[in-house]
1. Could you list SER28, SER61 so that the one with the fewest beta carbons within 10 Å of its beta carbon is first and the one with the most is last?
2. Quick one: order ASP34, ASP75 by neighbouring beta-carbon count within 10 Å, fewest to most.
3. Net charge near SER92, counting Lys/Arg +1 and Asp/Glu -1 over other residues with Cβ under 15 Å of its Cβ?
4. If neighbour count is taken as other Cβ atoms inside 10 Å, put ARG74, ARG82 in order from fewest to most.
5. Could you pull out every residue, at least 5 positions away or on a different chain, whose amide H is within less than 5 Å of the one on LYS96? Hs are placed 1.01 Å off N in the peptide plane, and Pro or chain starts have none.
6. Go through the range 78-88 residue by residue and turn each phi into a ³J(HN,Hα) via Karplus (6.51, -1.76, 1.60, θ = phi - 60°); whole Hz please, and just put x for glycine and proline.
7. Hey, which aspartates and glutamates would be in cross-link range of LYS24, C-alpha to C-alpha under 19 Å, not counting anything within fewer than 8 residues on its own chain?
Amino acid sequence: MSLLFVSCRSVSTMEMTPEGPLSKKLPSLEPQVDIYSVENAYTSAAYGVFKNSTQKIIPVSEVRPQNYRDPKMRDAIMLFERESTDNMLNASGEKKGYVVFSIRSGGPKKGGNFLGIVGVCTLWIPNLLGVPIGNHQAEFEVEVNVLEGSSKNRMLKTI
């Protein structure tokens with residue numbers, strides 16, 4: 001009976017909101033994304049729109065969410081943009097450099113299928129009532145580089 005009360009959990013909009021600002025914010029910087037690293041983290045979902053592009057790092061404002069069929073890619077970029085603009089960077093002032101988001105390793109991982117096995121044994125009746133078939137999680141190693149001025153070769157700080 002307790003299996004009937006287990007259901008899928010969706011990502012809420014509250015989870016897409018950054019937690020709290022830094023005590024001392026960085027100067028005004030332009031948020032950018034290493035688009036290749038994001039595509040590689042979600043290789044099964046990338047359309048490959050930027051694969052032929054000469055630019056590897058692009059401003060967040062130029063990322064077009066409709067280029068990706070996997071909403072998790074859009075969510076990762078949106079979380080970075082919100083975190084940087086709301087909590088890490090001063091919103092006012094002249095842009096003094098760049099903050100570049102990249103995913104170094106990790107990706108989506110399929111979890112256990114115990115409830116799927118239970119579903120098979122019970123003719124999928126619990127699953128029709130809302131019990132999930134499996135568990136999906138993702139783990140990533142993320143890198144944020146802060147670069148000064150127009151020269152992208154000079155790194156100030158890696159967070």
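Each reported figure results from applying straightforward, stated rules to the coordinates on display, with no laboratory input. The structure presented is a predicted model; accordingly, all values stated were derived computationally and were not measured. Neighbour counts are summed over all protein chains in view; Cβ atoms, including those assigned to glycine, are modelled from backbone coordinates with ideal geometry.
1. The most exposed by this proxy come first: SER61, SER28.
2. Values: ASP34 18, ASP75 14.
Starting with the residue having the fewest Cβ neighbours, the order is ASP75, ASP34.
3. 0
4. ARG82, ARG74
5. Sorted by chain and number, the residues that satisfy this are SER28, LEU29, GLU30.
6. Whole-Hz 3J(HN,Hα) from phi for the range 78-88: 5, 4, 4, 4, 5, 4, 5, 6, 8, 10, 9.
7. GLU81, GLU83, ASP86, GLU94, GLU148
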